[in-house]
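> Here it is: the structure, laid out below.
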Amino acid sequence: MKIDWSKLGFAYMDTHSHIRYTWRNGKWSDGELIREPYIKMHIAATALHYGQDAFEGLKVFRGKNGIVSAFRPYENARRLQASARRNCMAEVPDEMFMDAIRRVVKDNMDFVPPYGTGASMYVRPLLIGTGAQIGVNAADEFTFIVMVMPVGAYYKGGLKPVRALVIDDFDRAAPYGTGTVKLGGNYGAALLPHKIANDKGFPVDLYLDAVERKYIEEFGTSNFIAIDAKGAYVTPRSHSVLPSVTNNGLKTLAAHLGMKVEERPIAFDEISGFQEIAACGTAVVITPVNEIVRGDQVIRVGPREGCGPVLQNLYNHYTAIQWAESPDPFGWLEAI
Ligand SMILES: *Cc1c(COP(=O)(O)O)cnc(C)c1O
């Protein structure tokens, strides 16, 4: 099969295999590469009825030096462990998580895009309850899958700003709910508001805190980051925001570059004073947001075109590390 790497989007594609492990009688199997993208499971599996479902997303890059590396995989391993604990599922140990990524990427090496195309390999770990249960209880059997697929450079002609719609009629997550872990159920709760925002012409939706509708939480599938009037990197602290690996990395870089980094409650009323705003996450790193709409209120932030200079600079540093175009001072690349 010949792939036009320059035309890839962010879409599912069949590859040679996925890797699958099963947890039974208190322990994980050794894992197996499976050719077919299908799973046979019990109709009473808890993943289907009671939402025992957690996932992750990370990327593998073919660097300028030719080395194929996963980007910060242990961060995703730890987050999946937190999701498993919250959702009463068996935890996947770090070594098994990394073993899964190594084996499935090696088996699909020809799907890791060449350096210079902007395309990379997206890695999607999935943990589900596959044991049968009809009473509301955790399963006694779990399945861990890692699937991979090549994905395109999201921004072909530089970072493009988008408009965001504030969601006032729905919540993605509540304090002490499951917002801080990456569960499938969180996405179920956000699908309808996401569709409503999309249908109105907003690529991203912004959630406020579920209690007072006063503080900024995050975008539907990505964290909220901003550069305030004094040039500090600011991002919300909350009981219901998903700890984004991208946000964590950008904070680290910002501090490394001498910027002030603040993680604190951010009132919605503050945003008109910000210089730059963006959504951040693995798929695109940074999506600049230049307009935020809440009912009749329209708030414009940053440049009309492109990305503001501070976030653009952070983006450049971050992606240069991913592609091994610059040194990796924090040890973020894990060779496959
Ligand atoms: C996955 C996710 C993010 C982004 O996290 P990254 O680790 O940076 O990809 C942000 N918000 C939510 C709600 C998510 O599910």
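> Check whether at least one residue in region 26-36 is out of contact with any Gly (no Cβ under 7 Å at 6 or more places or on another chain) and within 16 Å of the ligand (Cβ to nearest atom), and report yes or no. Give the derivation first.
Pass one, region 26-36, residues out of contact with any Gly (no Cβ under 7 Å at 6 or more places or on another chain): 26-36.
Those left that are additionally within 16 Å of the ligand (Cβ to nearest atom): none.
Scanning region 26-36 turns up no residue that is out of contact with any Gly (no Cβ under 7 Å at 6 or more places or on another chain) and within 16 Å of the ligand (Cβ to nearest atom).
> Among the candidates Val166, Val136, Val181, Val105, which residue alone is at pLDDT 95 or above and either surrounded by fewer than 16 Cβ atoms within 10 Å (Cβ to Cβ) or assigned by TED's automatic domain parsing to the domain that holds Lys64 (or both)?
Val105
> Which condition breaks for Trp5 when tested against (1) touching a helix residue (DSSP H, G or I) at 6+ places or on another chain (Cβ under 7 Å); (2) at pLDDT below 95?
Going through the list (1) touching a helix residue (DSSP H, G or I) at 6+ places or on another chain (Cβ under 7 Å); (2) at pLDDT below 95, Trp5 breaks only (1).
> Anything in region 41-90 that is part of a loop (DSSP other than H, G, I, E, B) and polar (S, T, N, Q)? List them, or say none.
Hits for region 41-90 are Gln52, Asn65, Asn87.
> Moving on. Kindly indicate whether Val310 is within 16 Å of the ligand (Cβ to nearest atom) and buried (at least 19 other Cβ atoms within 10 Å of the Cβ).
No: the conditions fail for Val310.
> On to the next question. Can you tell me how many residues within region 77-123 are over 25 Å from His239 (Cα atoms) and of a type in the set (D, E, K, R)?
8
> Could I ask something else about it? Tell me the residue from Glu270, Glu305, Glu276 that is farther than 19 Å from Gly158 by Cα, over 18 Å from the mean Cα position of the chain (by Cα) and of a type outside the set (Ser, Thr, Tyr), please.
Going through Glu270, Glu305, Glu276 in turn, the sole match is Glu270.
> Filter region 58-92 down to residues that are among the small types (Gly, Ala, Ser) and within 14 Å of the ligand (Cβ to nearest atom) and give me whichever is surrounded by the fewest Cβ atoms within 10 Å (Cβ to Cβ).
Ala82
> Now, a different point. How many residues are in contact (Cβ under 8 Å) with a residue 12 or more places away in the chain and part of a loop (DSSP other than H, G, I, E, B) if we restrict to region 290-314?
So the count comes out to 9.
> Residues that are more than 9 Å from the ligand (Cβ to nearest atom) and either under 17 Å from Gly308 (Cα atoms) or not assigned by TED's automatic domain parsing to the domain that holds Ile299 (or both): find the strands (runs of 3 or more DSSP E) completely inside region 207-287 holding 3 or more of those.
By residue number, 223-227, 233-236, 276-281.
> While we're here: Mind checking which residues of region 42-57 are within 12 Å of the ligand (Cβ to nearest atom) and either surrounded by fewer than 22 Cβ atoms within 10 Å (Cβ to Cβ) or without any contact (Cβ under 8 Å) to a residue 24 or more places away in the chain (or both)?
From region 42-57, those within 12 Å of the ligand (Cβ to nearest atom) are 54-57; that's our starting set.
Selection gives Phe55, Gly57.
> Being out of contact with any strand residue (DSSP E or B) (no Cβ under 9 Å at 6 or more places or on another chain) and without any contact (Cβ under 8 Å) to a residue 40 or more places away in the chain is the filter here, so list the residues in region 188-232 that pass it.
Ala189, Leu191, Leu192, Lys195, Asp199, Val211, Glu212, Lys230
> State all residues of region 8-29 that are out of contact with any strand residue (DSSP E or B) (no Cβ under 7 Å at 6 or more places or on another chain) and at pLDDT 95 or above; if no residue qualifies, say none.
Once the filter is applied, which keeps residues that are out of contact with any strand residue (DSSP E or B) (no Cβ under 7 Å at 6 or more places or on another chain) and at pLDDT 95 or above, region 8-29 yields Asp14, His16, Arg24, Asn25, Gly26, Lys27.
> Further, regarding this structure: Find all pairs meeting these conditions: Cβ atoms under 7 angstrom apart; at least six residues apart or on different chains; first residue within region 8-34 and of a type in the set (Phe, Trp, Tyr); second residue in a loop (DSSP other than H, G, I, E, B).
Phe10/Gly152; Phe10/Tyr154; Phe10/Ala283; Tyr21/Ser29; Tyr21/Gly31; Trp23/Ala90; Trp23/Glu141
The values are calculated or read from the model by the stated rules, or taken from the named source; none is laboratory data. Nothing here was measured: the structure is a model prediction, and the numbers come from that model. Note: ideal-geometry Cβ built from the backbone for every residue, glycine included; neighbour counts use all protein chains shown.
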